[in-house]
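Take a look at the structure set out below.
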Amino acid sequence: MKRRTFVKNVSFSSITIPFMFNNLKWEAVQNKLFDYSRSAEDRVLILIRLNGGNDGLNTLIPLDQYDNLMIQRPNVLIPQGFIIPITDTNGLHPSMTGVASMFNDGKVSVIQNVGYPEQNRSHFRSLDIWSYGSTNQEISTGWMGRYLDSVYPGYPENYPNEENPDPFAISMGYEVSTTCQGVMSNFSHTVPNPHDDINVGNGTALNDGTYYGSHMEYLSTIIAQTNAYGTRVKQAADQGNSTSSLYDMNNPLSVHMSYIAKMISGGLKTKIYVVNINGFDTHAEQVDSSDTTVGNHAKLLKTLSDAVKSFQDDIKLQGLEHRVVGMTFSEFGRQIASNASFGTDHGDAAPLFLFGTCISSQIIGPNPVISDQIQNQAGLNMQIDFRDVYASVIKDWFGVDENAVQSLFDYPVNFYTVLQGCSAGINEEIKKKSLAAIVYPNPCVNTAHLKFSCLNEKVQIILNDSYGKTIKELFSKELKAGVHHVELETKSLSEGTYFVIINKKSKNEEIKIIKRNH
C-alpha cells in the first residue's frame, strides 16, 4: 500500500484513533504579529461543490430559448414571468435573488456550457474527473493538489513550520477533498466547526525500518500535523469576525461560509476552502407538481444563493473582498428534457458560477441552443472545457505562469479572462508607488490586517495610543520591494483610538485605528 493511498480519504479530526502515541511534541503556532510578503499568495479561493449534478437549465435560463424549453420540459420549467432577468437573453431561478443582486453589482460571472468531451454520467466517475482535473483514469491527484505540490514539494513532511503555520487547504466537514489530493498526502484539513478543540492523540512512533514502522511514522506525522493545524484554525476562528446580519444559521451552507469568513478575518493564511452542498440529484420532485417555482431544486438554489450573498456582504464589511473569489462546480448538468416524475436525469454540460469583486462580471460563452424536437436522454453540448476554467483561475488568481499552469494538466488548456481588476498580473511597480497603507477591518475587535508597500528598505511598525505615546514596537525588519501584509493582534488592547506608525526611508505613514470590544 502506498502511503498516499493509506491516508487518501482519512480525516483524523473526525475519527477516533484506537491507540495513542506518547511524548509527541509539535511546536504550537503562537498568536503573534507576523509579516508575509505575498502579493498573489494572500488570495483565497472558495470552491462550492453542488453534489448530485445541478440542473443548469433551471438555474440560468436562456430566455431566447424559452419556447423550445417549454416543449422539452413543460412540467419543471419556471414560468417566464417569475424568472429574474439579468441580461436580455438570460435569467436566474426566482430563488436566486442574492446571486442576481450580486450579478447586478458586478460580483458574479457565469460561464456557460462547461463540461468535458464524452461526458461520463456516473456520479462517482464524473466527480473524480472534475476533482482530478483529468479524464485519465491513471491520474490520482487533484488539480489543486498538483498545484500545491508544485509550490510545496515534500508535503506533508516538515509541515507546519514557521513560514507556513496554517493548512494550505480546508475541507469544511468531515471528509477531505479529492480536489486537494497531492502525491504523498491530501493538502486539505477537515474542519466541521473551527471553534472545536482538536486533539487526536499524541506520542511518537519510531521507524524501525520495517514496512509497518514506516507507516506508523507517517501516521504519527499526520496526527501531529492535524493537532497543530487544529490549534491554529481554532485560534484564527476565535479571533476572527462574522459581521453580516444576512446569515441564516438554519442554512448549513451559510454556517460554513460564516466560519470561513471568521478564519480569513482571524488571519488564517489558508489558500483554498472546499464546501459541499448535497441534494442536486433531482430525478424526482425537483419541482412541486402544482408550482414549478418551488420544490427541492428551489430550496437548494436558495440555500446556495443566500449563503453566497451573506458571505460576500460579510467580507465586504470587513474589507476583505479584494482577497477572495469563489467558484461553484457540479459533476454534470441534467438532461434537456424532463422526466415524468417532475424531475430531470443525468446530463452533460452546465453553467458554472464565479463570485467576488475580482471576477469578470459577464456571461462567458453563448447560450445553449435548444431544439424543438425531443431527443431521448440528450444533454447540453460542452462548449467550454472545465479544465480551461481551472487553468484560467490558477493563472489569474494565483499569478502562475501559463507554462507552469499547463504542466498541471494532461490536456492543452485554453485561457479565458475569468478574473479582472484584482489580477495577480497587476504591475507591482505601479502598485507599490501608488498604494496608501490601510488597516482592515477598521474598527476592529480581535484582529486587524495592515497592508502597505515599500522599496528595498528597513520597515519599523510601532503602535501609539491616542496621546502619541508608543505602546510597543510591533515589527522591525528589512523587506524587499513590493506589497506586504501584516497581521495585528488587537484582542489585548483596551477599547479606544490608536495609531499605527510605519517608519521607512521612502515614506512614513500613520493610520488611525479604532479598537472595540464587540
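Indicate the gyration tensor shape class of segment 251-293 (rounded, prolate or oblate), computed on the Cα atoms with a ≥ b ≥ c the square roots of the eigenvalues: a/c under 1.5 is rounded; otherwise a/b larger than b/c is prolate and the rest oblate. Before the final figure, lay out each step's value.
Values: a/c = 5.68, a/b = 3.02, b/c = 1.88.
Prolate, because a/c is 1.5 or more and a/b exceeds b/c.
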Average projected area [Cα convex hull, segment 79-201], square nanometres: 12.4
Value of D in µm² per second that Stokes-Einstein yields for segment 260-324, Kirkwood Rh from Cα pairs, at 4 °C (1.567 mPa s): 92
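What per residue convex hull volume, in Å³, comes out for segment 302-418 when only alpha-carbon positions are used? Display every interim value, and only then the final one.
Values: hull volume 15.3 nm³, N = 117.
Considering the Cα atoms of segment 302-418, their hull volume per residue is 131 Å³.
Quick check: residue separation of Asp372 and Ser341 times 0.36 nm, minus the Cα distance between them. What number comes out in nm? Intermediate values should be presented prior to the final figure.
Working: separation 31, 0.36 × 31 = 11.16 nm, distance 2.12 nm.
Stretched out fully, the Asp372 to Ser341 stretch lengthens by 9.0 nm.
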J(HN,Hα) series, segment 319-330, from Karplus relation 6.51 cos²θ - 1.76 cosθ + 1.60, nearest Hz, glycine and proline x: x, 10, 4, 5, 9, 10, 10, x, 8, 9, 7, 9
Val108 accessible area, 1.4 Å probe, all protein chains in place, Å² to nearest 10: 0
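Please go through the residue pairs Lys395/Lys491; Lys262/Lys505; Lys458/Lys515; Lys107/Lys504; Lys309/Lys504 and name each one whose alpha carbons sit more than 32 Å apart in this structure. Don't skip to the answer; put the middle values down first.
Numbers: Lys395/Lys491 37 Å; Lys262/Lys505 35 Å; Lys458/Lys515 27 Å; Lys107/Lys504 36 Å; Lys309/Lys504 40 Å.
Check vs 32 Å cut-off fails for Lys395/Lys491; Lys262/Lys505; Lys107/Lys504; Lys309/Lys504.
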Segment 453-510, Cα convex hull volume normalised per residue, Å³: 80
Accessible surface of Met144 - all protein chains present, 1.4 Å probe, nearest 10 Å²: 0
Residue-span extension gain [Glu118 to His322] - 0.36 nm each, minus C-alpha spacing: 69.7 nm
Relative frequency of Cα-Cα separations exceeding 16 Å in segment 311-354, percent: 58
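The values are calculated or read from the model by the stated rules, or taken from the named source; none is laboratory data. Note that the coordinates shown come from a computational prediction; the quantities given were computed from them, not determined experimentally. These accessible areas exclude ligands, DNA and RNA; they are computed on the full protein's heavy atoms, side chains included. Shrake-Rupley method; radii C 1.70, N 1.55, O 1.52, S 1.80 Å.
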